[in-house]
Amino acid sequence: LPEDTVVLYAAISMDGKNQSFVPREALASVSRVSRVPVFGIYDSYLGYGIVGGRLVSWELLGREAAGMVLRILNGESPGSIPFGGEEAYVDAYDWRELKRWNIPESAVAPGSEIRYRAPNIWEEYKQVIIGGGGLITFQAALIFSLFVNLRRRRLAEKSLAESEARLSLAAESADAGLWSIDADNSQVWATDKIRELFSLPKDIPLHYDHFIRRVHPEDCERLNAAFQNALQSIEEVTAEYRIQRADGNLRWLASYGRPQPAGPGQPMRLMGVTVDITDRKQGEEMLRQNQQDLSRLAGRIISAQEEELRRLSREIHDDLTQRLAAFALDAALIEKQLSPSQSQTVKDLRGLRDNLSEVSEEVHDLSRRLHPSILDDLGLVQAIQAESVAFINKTGIDLSIATDGFPDSVPQPLALCLYRIIQEGLQNITKHSGAKAASISLQGLSDGIRLLIEDKGVGFDPEEVRKKAGIGLSSMRERVRLLNGVIYYKSVRGQGTQIDVFIPIGEAA
C-alpha cells in the first residue's frame with residue numbers, strides 16, 4: 001500500500017457470510033491485520049485499534065440530548081431548540097497505536113488527550129520502589145545502628161576490661177579480694193585472692209555455701225543477717241568475722257559490700273571487697289591485754305597508795321597529833337606554875353601553846369586529807385560535808401552541796417573514788433579558777449551515780465590541758481576507768497568549768 005494510505009473504520013455489523021459482529025470487536029480484528037494506521041469516528045473505538053483524532057463522544061451527545069429533553073419538559077418548544085452536536089467531540093489518541101505506527105506525539109494536535117500511555121518504571125513500580133527503598137533505608141539504618149552499638153560495646157568492653165585490670169591491680173596491691181553475690185545466692189563471682197583467703201580450689205564453680213561453711217559458727221548468723229539486710233535495705237554493709245581455713249588456721253576477715261542492680265527484671269547483686277585483718281586483730285588483742293594489765297597495775301598502785309595514805313593518816317592522827325596535844329597541855333601547866341613576875345616567860349609559853357595548837361590542827365587537817373576516817377565511819381555524804389566546811393573556812397569560796405536521791409551507803413571503792421575526785425576538783429578550783437562560788441551535786445540514778453562539780457571561774461582550754469597531761473586530771477580519769485565509769489571535762493574561758501562523772505552500779509557495772 002502507498003505510504004499515505006490509512007483505514008477509516010466506520011462499523012461492521014455483518015460480513016458476507018451473514019455472521020454478526022459487535023463493531024468494536026470487528027475493529028479489533030481489522031486493526032490486528034492492518035498494515036496501515038486505522039482511524040475511526042467514535043471515541044468508543046479508542047482502545048480497540050484506532051489511532052485516534054477528533055472523535056464523536058457518545059457521552060457528550062447523550063448529555064446534550066438529555067439537556068434538550070429537560071428543556072422540552074420544562075415547556076420549551078422543540079422547534080425553538082437549535083440542533084446541537086458541535087460540543088460532542090473530543091480530541092483523543094491511543095498512545096499504543098502512536099508507538100505502533102511511529103507517529104510522534106508532536107504530530108498530535110495541541111491539547112489532545114493521549115490515553116493508554118504505558119507507565120514508566122516509576123509510575124508502574126512506585127509503591128514497590130518506595131517500599132523497597134524504605135526497607136533498604138531501614139535495614140541500612142539498622143545495620144548502621146548495630147555497627148555503632150557493636151563499636152560502643154567493644155569500646156565499653158575494652159574500657160571495662162581496663163577498669164577491671166586497674167581494679168584488680170589495686171586490689172592486689174592492697175592484698176584484697178573482690179567478689180559479687182546475687183540476691184538469691186545462686187551465682188558468685190570472686191577473684192583468685194578470695195579463693196586463697198577462704199582456702200577454696202581454683203577449678204570449682206563458686207556458691208555462697210562454699211564461703212559460709214568456712215565462717216566461724218559464732219559469726220555465721222550475724223554475717224548472714226548483715227548481708228540479707230544490705231540487699232533488702234539497699235544499704236552498704238561492713239562486717240568483720242572469723243573463718244576456719246582448710247589447714248585449721250583461724251583468720252579474721254573484713255568484708256565491705258554495696259548493693260547494685262544487676263539489670264531490668266533481675267535480682268539485686270551485692271558487690272564488695274574482702275581483706276585479711278588477722279594481724280590487726282592480733283594487735284588489738286595484744287593492746288587490749290596490755291591495757292588490762294596496765295589497768296590492773298594502776299588499780300594495784302592506787303590501792304597500795306590509798307592503803308599507805310590510810311596508814312600514814314592513822315599514824316599522824318594517833319601519834320603525832322596526840323603528842324602535839326600533849327605538848328600544848330604541858331605548856332599550859334607550866335604557864336600556870338609560873339609567878340606573875342615572870343610575865344615575859346608566860347607570854348612566850350602562851351605563844352608556844354598557840355603555835356602548838358595551830359600545828360596540831362594543821363596536822364589533823366593533813367591526816368584528814370590523806371585519808372578521812374569520817375569516810376569509813378559515817379559515809380561519803382558526811383565526809384563531803386566536812387570537806388566542804390574545811391574548804392569554805394580555808395578559801396572563803398561559797399560552796400553548795402546537793403545530794404538529792406543519793407543512796408545512804410555505797411561500796412567503799414566507789415565512795416573513795418568520788419571523794420578523791422571531789423578533793424582534786426576543789427583543789428583545782430582553789431588554785432586555778434578564781435571563782436567566787438562553786439557547787440557539788442551527787443545524784444543517785446537507777447543505773448549508777450552521777451557527780452557534777454561546777455564553778456564560775458576563768459575556765460581553761462581543754463586542748464592545752466590535754467597536751468600538758470596533768471597528774472590531777474589523769475588521776476581522776478584512771479580512778480573512774482577502774483570502776484567502768486566515764487568522766488567529761490567541759491570548760492570555756494571566762495565561763496567556768498564542769499567536771500561530770502558517771503559510775504555504773506549493779507548490773508550496769
In segment 480-496, anything closer than 22 Å to Cys417 by Cβ and either open to solvent by 70 Å² or more (accessible area, probe 1.4 Å) or without any contact (Cβ under 8 Å) to a residue 12 or more places away in the chain (or both) is listed as Arg481, Asn484, Tyr488, Lys490
Quick count over segment 417-435, residues being crowded, with 19+ Cβ neighbours inside 10 Å and either among the β-branched types (Val, Ile, Thr) or touching a His at 6+ places or on another chain (Cβ under 9 Å) (or both), is 3
Whichever residue in segment 267-289 is aliphatic (A, V, I, L, M) and outside any helix (DSSP H, G or I) and, among such residues, is farthest from Ala190 (Cα to Cα): Ile277
Only one of Val69, Val128 is under 60 Å from the mean Cα position of the chain (by Cα), modelled with pLDDT under 90, in a helix (DSSP H, G or I) and among the hydrophobic types (A, V, I, L, M, F, W, C); which? Val128
Can you find a residue in segment 189-202 that is surrounded by 11 or more Cβ atoms within 10 Å (Cβ to Cβ), of a type outside the set (A, V, I, L, M) and at pLDDT 85 or above? no
Filtering segment 48-57 down to residues that are modelled with pLDDT of 90 or more and not hydrophobic (A, V, I, L, M, F, W, C), which residue is surrounded by the fewest Cβ atoms within 10 Å (Cβ to Cβ)? Arg54
Are any of the residues in segment 237-244 surrounded by fewer than 14 Cβ atoms within 10 Å (Cβ to Cβ) and either modelled with pLDDT of 80 or more or closer than 30 Å to Leu200 by Cβ (or both)? yes
Which members of segment 205-223 meet the condition of being farther than 18 Å from Lys193 by Cα and of a type in the set (A, V, I, L, M, F, W, C)? Cys220, Leu223
Residue check, Lys99 surrounded by 12 or more Cβ atoms within 10 Å (Cβ to Cβ) and modelled with pLDDT of 85 or more: yes
Of the conditions (1) of a type outside the set (Lys, Arg); (2) without any contact (Cβ under 8 Å) to a residue 24 or more places away in the chain; (3) surrounded by 13 or more Cβ atoms within 10 Å (Cβ to Cβ), Val7 satisfies every one except a single condition; which number is it? (2)
Quick one: is Ser388 under 22 Å from Gln427 (Cβ atoms), among the small types (Gly, Ala, Ser) and either open to solvent by 90 Å² or more (accessible area, probe 1.4 Å) or modelled with pLDDT of 70 or more (or both)? yes
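The values are calculated or read from the model by the stated rules, or taken from the named source; none is laboratory data. Model, not experiment: these values are computed from the prediction. Heads up, the Cβs are rebuilt from the backbone with ideal geometry, glycines too, and the neighbour counts pull from every protein chain shown. To get the accessible areas, we keep the full protein, side chains included, count just its heavy atoms, and leave off ligands, DNA and RNA. Shrake-Rupley method; radii C 1.70, N 1.55, O 1.52, S 1.80 Å.
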